[in-house]
Amino acid sequence: MERKDLWFLHFSAFFFLGYVLVAPLISPLAITFGASPFIVGIVASVSSIFALILKPLGGILGDKGKSFEVMMVGAIFGAFAGFFYILSFFIKSLVIFAVGRALHGVAAAFFFPSSLSTAITLAPKGRVGETLGWRGTMFSVSQLLGPAVGGFVAEYLGFHSAFILTVILSLIGFFFVLTAYREIKNKMHVKEEAEGKISYKELVNLSFIFAAVSLFFMVFAYSGMYTFLPAYYKLLGFGTSVFGVYASVMGGFSILTRVFGGREADKRGPVPVALVGLLLSSISYAILVIYLLPPEAYLSAAILGMGFGLAVPALQMLALVNLPKSIRGIGSSIYTMFFDLGYLSGPLVLGYLAESESYKSVFFFLPILTFLSLLNLMILRLWRRKKV
């Protein structure tokens with residue numbers, strides 16, 4: 001398989017660019033519509049609820065040889081979500097906006113698991129970590145550009161302009177998936193099919209379970225930061241671009257470590273690389289507790305980006321690389337469901353805390369949550385050493 005086939009797949013991350021562009025706009029727009037902190041958390045969680053419910057379906061379809069088709073359907077749903085965001089802005093309806101979030105959850109359910117499992121399947125032998133690193137780099141570029149572009153466009157051209165951009169980027173993502181699909185079919189001249197007998201018992205293994213649990217705690221903290229830091233800045237009178245810069249700094253520094261982390265995971269194994277990444281993430285949130293306001297807060301963003309660049313591909317590799325191809329789609333779905341559980345739990349649980357206490361009280365718990373993710377992997381490492 002030529003590398004350009006994988007690169008077309010990597011460039012389909014334009015879908016994610018459209019997805020992440022909206023994320024820092026959720027709480028400011030909800031506050032503009034008069035939502036309380038708890039309602040802000042609920043609206044932010046809607047997409048995760050729908051993604052969580054539908055991801056097994058996306059994974060099963062992927063395992064039946066429909067991974068590219070599933071990704072294209074996800075990109076189309078992303079464009080539909082953008083249309084509902086635009087409508088909600090003009091009629092000032094938080095309910096319509098929540099419908100858009102639900103559609104974006106459906107889009108994520110179809111797009112992300114198949115994108116992950118297909119990247120692993122097409123990776124050159126012995127270079128799975130590197131391939132995941134390059135895939136993650138494209139997502140980090142989206143993380144770098146998306147929030148800043150979304151924040152600046154919303155601030156200077158209006159929320160509706162940012163939502164129009166979401167539609168366009170989703171359709172571009174569709175185009176790259178379609179191009180990758182055609183390229184791979186032309187090269188292989190065979191129909192993509194799942195290989196081997198399907199046995200979901202292979203999912204019950206320590207590597208998969210511990211990777212999923214670590215992902216949950218890591219995303220729990222991340223979703224709390226991503227939901228309530230822009231809301232906190234909004235209440236202080238900052239524009240949406242302030243958090244956009246924070247998120248872009250995080251995405252930019254993530255680019256620096258993605259490919260390096262993937263290659264190190266290929267050489268040393270995923271657990272040591274993930275441990276370093278989670279340690280950096282814990283340190284970054286501790287810094288954020290001390291320095292919540294820019295520009296000092298951007299130091300936290302830089303360290304968090306480097307930590308994520310190491311941890312994300314390493315955890316993906318730990319969970320999925322040893323799974324049989326015949327169940328890698330459903331494996332990717334279940335693994336990324338823990339992402340949705342974390343993204344669902346953060347806004348709801350921490351939103352309740354913000355409602356009863358304050359937005360500022362949320363940030364104290366972020367380094368604790370990430371440390372739990374780190375501790376989980378340390379337990380796995382100790383368990384393996386005892387077995388040797």
(message) I want to check the label-to-label distance for residue 361 and residue 179. Put each point 7 Å from Cα in the C-beta direction and report it in nm to one decimal.
(response) 5.1
(message) Quick check: with the 1.4 Å probe, what order do 383, 134 take by accessible area, largest first?
(response) 383, 134
(request) Compute the projected area of the convex hull of the Cα atoms of the range 324-377, averaged over all viewing directions, and report it in nm² to one decimal place. (result) 4.5
(request) Find the accessible area per residue for the range 276-388; the probe is 1.4 Å, ligands and nucleic acids are left out, and the unit is Å². (result) 42
(request) State the percentage of accessible surface on the chain attributable to carbon and sulfur atoms; use a 1.4 Å probe and exclude ligands, DNA and RNA. (result) 71
(request) Could you work out how far apart the two model spin labels at residue 268 and residue 352 are, taking each label as a point 7 Å from the Cα in the direction of the beta carbon, and quote it in nm? (result) 3.9
(message) At 24 angstrom or more along the helix axis (alpha-carbon based) and mean Kyte-Doolittle of -1.0 or higher, what helices does the chain contain? Whole DSSP H runs only.
(response) 37-61, 67-91, 94-122, 128-157, 159-188, 206-235, 240-268, 270-290, 297-320, 328-356, 366-387
(message) If I model a spin label as a point 7 Å beyond the Cα along the Cα-Cβ vector, how far apart are those points for residue 368 and residue 205 in nm?
(response) 3.5
(request) Please give the calculated 222 nm ellipticity per residue for the chain, where each DSSP H segment of at least 4 residues contributes -39500 (n - 2.57) and the sum is spread over every residue; nearest 500 deg cm²/dmol? (result) -29000 deg cm²/dmol
(request) Would you mind classifying the chain by shape? Square roots of the alpha carbon gyration tensor eigenvalues, ordered a ≥ b ≥ c; an a/c under 1.5 is rounded, otherwise it is prolate if a/b is larger than b/c and oblate if not. (result) oblate
(message) Tell me the per residue accessible area of the range 1-128 using a 1.4 Å probe; a whole number in Å² is fine.
(response) 34
(message) Once each part is reduced to its C-alpha centroid, what is the distance from the range 293-311 to the range 65-88 in angstrom?
(response) 30
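The values are calculated or read from the model by the stated rules, or taken from the named source; none is laboratory data. All figures in this text were calculated on a predicted structure; none of them were measured in a lab. No Cβ is skipped: glycine too gets one built from the backbone with ideal geometry, and neighbour counts run over all protein chains shown. The area values use the complete protein model at the heavy-atom level, side chains included, leaving out ligands, DNA and RNA. Shrake-Rupley method; radii C 1.70, N 1.55, O 1.52, S 1.80 Å.
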